[in-house]
Amino acid sequence: MTTHTELAPPVAAPSRTETTLHGHTLVDDYAWLRERENPEVISYLEAENAYCDAVLEPTDELQKTLYAEMVSHIKETDVSVPFREGEYWYYSRTEEGAQYPIYCRKTGTPDAPDVDALEHVILDVNELSRDEAFMAIGGTTVSDDGNLLAYSVDNKGFRQYTLQVKDLRTGELLSERVERVGSIVWAADNRTLFYTIEDEEQKRQFQFYRHTLDAPHSEDALIYEEADERFNIGAGRTRDRQYIILESSSHTTTEEQFLPAAEPAGTWRLMAPRQDDIEYYAEHRGGLLYIRTNDTGRNFRLVTAPVETPERSNWTERLPHRPEVMLEEVDLFNTFYVACERIGGLQHLRVVPFHGPGAETGSGSEIIFPEPVYSAHPHINRVFDTDKFRYSYQSMVTPGSVYEYDVTTGESTLLKQLEVPGGFDRTLYGAERLFAKATDGVEIPVSLVYRKDRRASGRNPLYVYGYGSYGYPLPIGFNSNRLSLLDRGFVLAYAHVRGGGDLGKPWHDAGRLMKKRNTFTDFIAVTEHLLAQGYGDGKRVAIEGGSAGGLLMGAVANMRPDLFRAVLSHVPFVDLMNTMLDSSLPLTVPEYEEWGDPQRHEAFEYMLSYSPYDNLEAKAYPAMLVKTSLYDSQVMYWEPAKYVAKLRTLKTNGNSLLLHTNMTAGHGGASGRYDYLKEVAMDYAFLMRELSVEGPELNSD
């Protein structure tokens, strides 16, 4: 066990504040850390960074080794699979040494780009990032005639994007410039641009405008304003390009309006008035709206309605609700649609023709995948009238791949598989799926990957990752960075705990609001099961989660600190009560549907029972590396900063407690691909140090 009593950690001076509600007094000694412009706050964060660097200094060479390993597994100069949109084929490429992608296009035939055609660079993110510490692209969309590119950029990390328009014929930027934009949609006239705007304080997209090129923005027409603070708005074009759809959505409810794309000054029509806890999502084909909705069951069904009469009373069912099948998406084309389903936690893609065998029953043909644990979903498909469907496939041992499925023949063709340089041999690695029994008897899916020749029952360092919120299924895919852990004997486990969407909407319902504690007890049960089955050494267990997964890390570290040796917590949502009691903070009001409204006594008591910051106490805690970013817009930097400051006064052992703040980034950390790998190298070095993993061979201690 490594301790650090010889190094003095920073001390954040307490300054007591109190909040009394429902008979409880919440004491917060570190609320002053919210003052981002306060030089004392910046000094404290910098002192924590210096302390983190000093503690991890013995791993500097290891970090360099890990970074070099990860770079060696990346094809630094590479090109994506081109896709057709309009008259052009679009793709992105990367160059060795460059942090960001370059977006390009070429002319060609309807079937393929012309390999001899001149490449046209439409957006070089490396150029945009010049003199910037951070750069992220929010959205890009090309006008129907292919002449104009509307795009948005964020140079802080706070996820506030600025809209600009580029003339692709001349390369010049037009005068259009709008701050805090979200969705960007062209109308069919190539001169009208619709966009959403963010409420600066609440940080939600709430206004929808229509802009005509070259006209002053003061003349932009406000089309819609969303008054309900639970809802965000977003907009897009249907695949057939016939309609623009404006969506208002909370975590549990949606409502959509639509407008013919050829009539930008026309009248918007409401599909169906919002109803609490009912979601619906529409696409268009041949005068019919195809609507995926959970109005009769949590896992969604597919209905149609005439464009002229889209009301609920005119909905006709095409695919019924099935309790065991989550209908996650419907990709609509001229002669077929693809039902993207999740069954038993795994994704299925079913191609259903509008005419011929399977059309009436909705059965169609399923694309078959060969592995027990995988991820499969639609790729970029911009052409509406086609007999080809592109999809992405990967597993924990199979690199990301793009396939094209021929609807006529039922055959899939591999277009590209991610190349992994550096001697990657997929046959050395094994992946499997098992189930761990929760405290209430429910079986929790777990996905595992390991290097087969490094397995030794009960001796491997074990890494367990979890999220379990918002109904998001935990992505299971290939990541070449993981090879640095796998080649050193780590067994990596991904716990599909309740609160996520891995088994559909009911799985989410079983881990939110007044059932949120299931997320934490599921994670603990998974870890105990893996140890009992010999997948890891009980003295060398590391866990990781980020954002809402960071809340999971904080909760289980409070509940079972003895179970874990090391905790890696990214931008963790650990100050649940103070955040949810402050409705002025971004995202708070919409989050009531996920965590509960603490103004309600029952919800307050339940949330307080697991809030990580409020349940810290004097006892031994695992080693922790807590990471945040100064410009995080989702989980404010002060949550992890306060958490670490308070925990320093309570923990009773000498295990590492480190806070690292990226002073120039946001929720996702560093934006450049090389900078990001350096952050991962720090994470891995911390885990290896705490779990006594010293080299590529399985540690035999």
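Among the residues of the range 449-493, count how many are assigned to a helix (DSSP H, G or I) and over 18 Å from A681 (Cβ atoms).
Residues flagged as assigned to a helix (DSSP H, G or I) and over 18 Å from A681 (Cβ atoms) within the range 449-493 amount to 3.
Is it the case that some residue within the range 273-280 is without any contact (Cβ under 8 Å) to a residue 24 or more places away in the chain and over 26 Å from G504 (Cβ atoms)?
No, the range 273-280 contains no residue that is without any contact (Cβ under 8 Å) to a residue 24 or more places away in the chain and over 26 Å from G504 (Cβ atoms).
Do we have A339 as modelled with pLDDT of 95 or more, surrounded by 14 or more Cβ atoms within 10 Å (Cβ to Cβ) and of a type outside the set (K, R) here?
For A339, the condition - modelled with pLDDT of 95 or more, surrounded by 14 or more Cβ atoms within 10 Å (Cβ to Cβ) and of a type outside the set (K, R) - is met.
Out of the residues in the range 165-179 that are under 27 Å from T664 (Cβ atoms) and crowded, with 19+ Cβ neighbours inside 10 Å, state the one that is farthest from the chain's Cα centre (by Cα).
Taking the range 165-179 and keeping what is under 27 Å from T664 (Cβ atoms), we get 166, 173, 177-179.
If we keep only those that are crowded, with 19+ Cβ neighbours inside 10 Å too, we end up with 166, 178.
Details: K166: 29, V178: 26 Å.
If we take residues in the range 165-179 being under 27 Å from T664 (Cβ atoms) and crowded, with 19+ Cβ neighbours inside 10 Å, then K166 is farthest from the chain's Cα centre (by Cα).
Please state which one of Y90, Y67 is among the aromatic types (F, W, Y), under 30 Å from L418 (Cβ atoms) and not in a helix (DSSP H, G or I).
After applying the criteria, what remains is Y90.
Taking the range 332-361 as the search range and keeping residues that are touching a residue at least 60 places away in the same chain (Cβ under 8 Å), assigned to a loop (DSSP other than H, G, I, E, B) and over 27 Å from E85 (Cα atoms), which one is nearest to the chain's Cα centre (by Cα)?
G345
Scan T25, T59 and give me the residue that is modelled with pLDDT of 95 or more and either loosely packed, with under 12 Cβ neighbours inside 10 Å or part of a helix (DSSP H, G or I) (or both).
Values: T25 fails: modelled with pLDDT of 95 or more.
T59 is the lone residue from the list that is modelled with pLDDT of 95 or more and either loosely packed, with under 12 Cβ neighbours inside 10 Å or part of a helix (DSSP H, G or I) (or both).
Please give the number of the condition L448 fails out of (1) surrounded by fewer than 22 Cβ atoms within 10 Å (Cβ to Cβ); (2) touching a residue at least 40 places away in the same chain (Cβ under 8 Å); (3) more than 19 Å from R540 (Cβ to Cβ).
(3)
Take A665 and tell me if it is more than 29 Å from V491 (Cα to Cα), of a type in the set (A, V, I, L, M, F, W, C) and surrounded by fewer than 17 Cβ atoms within 10 Å (Cβ to Cβ).
Judged against the criteria, A665 is not a match.
For the range 606-641, give me each residue that is among the acidic types (D, E) and either in a helix (DSSP H, G or I) or modelled with pLDDT under 95 (or both). I'd like the intermediate steps shown before the answer.
The initial filter retains those residues of the range 606-641 that are among the acidic types (D, E), namely 614, 617, 632, 639.
Within the range 606-641, D614, D632, E639 qualify.
Criterion first (in a strand (DSSP E or B) and in the same structural domain as F369 (by TED's automatic domain parsing)) does E283 satisfy it?
no
Tell me yes or no: at least one residue of the range 7-18 is touching a residue at least 40 places away in the same chain (Cβ under 8 Å), of a type in the set (A, V, I, L, M), out of contact with any strand residue (DSSP E or B) (no Cβ under 8 Å at 6 or more places or on another chain) and assigned by TED's automatic domain parsing to the domain that holds T652.
no
Only one residue in Y637, Y676, Y643, Y684 is farther than 23 Å from A557 by Cα and hydroxyl-bearing (S, T, Y). Which one?
Y676
Which one of the conditions (1) at positive phi; (2) in contact with a helix residue (DSSP H, G or I) (Cβ under 8 Å, 6 or more places away or on another chain) does F231 fail to meet, given that it meets all the rest?
Result: F231 fails condition (1) only.
Just name the residue that is surrounded by the fewest Cβ atoms within 10 Å (Cβ to Cβ) out of those in the range 292-318 that are of a type in the set (D, E, K, R) and part of a strand (DSSP E or B).
Ranking the qualifying residues of the range 292-318, first place goes to E317.
Quick grid of which residues meet (1) acidic (D, E); (2) closer than 22 Å to L486 by Cα; (3) in contact with an Asp or Glu (Cβ under 8 Å, 6 or more places away or on another chain):
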site: E605; (1), (2), (3): yes, no, no
site: L608; (1), (2), (3): no, no, yes
site: K619; (1), (2), (3): no, no, no
site: P640; (1), (2), (3): no, no, no
site: G666; (1), (2), (3): no, no, yes
site: Y676; (1), (2), (3): no, yes, no
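How many residues does the range 405-425 contain that are surrounded by fewer than 14 Cβ atoms within 10 Å (Cβ to Cβ), among the β-branched types (V, I, T) and within 20 Å of I380 (Cα to Cα)?
Residues meeting the conditions: 2.
Does any residue of the range 302-311 turn out to be touching a helix residue (DSSP H, G or I) at 6+ places or on another chain (Cβ under 7 Å) and either of a type in the set (A, V, I, L, M, F, W, C) or at pLDDT 95 or above (or both)?
Let us first name the residues in the range 302-311 that are touching a helix residue (DSSP H, G or I) at 6+ places or on another chain (Cβ under 7 Å), namely 305-306.
From the residues that got through so far, the ones that are either of a type in the set (A, V, I, L, M, F, W, C) or at pLDDT 95 or above (or both) too are 305-306.
Taking every residue of the range 302-311 in turn, at least one turns out to be touching a helix residue (DSSP H, G or I) at 6+ places or on another chain (Cβ under 7 Å) and either of a type in the set (A, V, I, L, M, F, W, C) or at pLDDT 95 or above (or both).
Exactly one condition in (1) closer than 21 Å to Y103 by Cα; (2) part of a strand (DSSP E or B) is not met by F134; state its number.
(2)
So in the range 499-519, with the set limited to residues that are touching a residue at least 40 places away in the same chain (Cβ under 8 Å) and not in a loop (DSSP other than H, G, I, E, B), which one is nearest to Y592 (Cα to Cα)?
L513
Please work out which one of (1) assigned by TED's automatic domain parsing to the domain that holds D522; (2) more than 25 Å from the chain's Cα centre (by Cα); (3) part of a strand (DSSP E or B); (4) touching a residue at least 60 places away in the same chain (Cβ under 8 Å) is the condition L415 fails and give its number.
Of the numbered conditions (1) assigned by TED's automatic domain parsing to the domain that holds D522; (2) more than 25 Å from the chain's Cα centre (by Cα); (3) part of a strand (DSSP E or B); (4) touching a residue at least 60 places away in the same chain (Cβ under 8 Å), the odd one out for L415 is (1).
Which of the following residues is within 18 Å of L658 (Cα to Cα), touching a Ser or Thr at 6+ places or on another chain (Cβ under 6 Å) and at pLDDT 95 or above: V567, V571?
On the way: V567 fails: touching a Ser or Thr at 6+ places or on another chain (Cβ under 6 Å).
Answer to the selection: V571.
Filter the range 250-280 down to the residues that are among the hydrophobic types (A, V, I, L, M, F, W, C) and part of a strand (DSSP E or B) and list them by number.
F258, L259, L270, listed by residue number.
Looking at the range 376-401, which of the residues that are free of Cβ contacts under 8 Å to residues at least 24 places away in the same chain and either assigned to a loop (DSSP other than H, G, I, E, B) or out of contact with any Phe, Trp or Tyr (no Cβ under 6 Å at 6 or more places or on another chain) (or both) is farthest from Y429 (Cα to Cα)?
Only one residue tops the list, namely K388.
Can you go through E219, E201, E226 and tell me which one is out of contact with any His (no Cβ under 6 Å at 6 or more places or on another chain), surrounded by fewer than 15 Cβ atoms within 10 Å (Cβ to Cβ) and closer than 22 Å to A261 by Cα? Write out each step before concluding.
Details: E201 fails: closer than 22 Å to A261 by Cα; E226 fails: surrounded by fewer than 15 Cβ atoms within 10 Å (Cβ to Cβ).
Exactly one residue qualifies, and that residue is E219.
Test of understanding: among E46, E96, which residue is at pLDDT 95 or above and in a loop (DSSP other than H, G, I, E, B)?
E96
Could you grab me the full set of residues in the range 115-137 that are modelled with pLDDT of 95 or more and closer than 23 Å to F208 by Cα?
Across the range 115-137, the qualifying residue is only I137.
Answer yes or no as to whether R93 is without any contact (Cβ under 8 Å) to a residue 12 or more places away in the chain, among the basic types (K, R), over 30 Å from L687 (Cα atoms) and surrounded by fewer than 17 Cβ atoms within 10 Å (Cβ to Cβ).
The answer is no for R93.
The values are calculated or read from the model by the stated rules, or taken from the named source; none is laboratory data. None of the values given here were measured: they were computed from a predicted structure. Methodologically, a virtual Cβ is constructed for each residue, glycine included, from the backbone with ideal geometry; neighbour enumeration extends over all protein chains shown.
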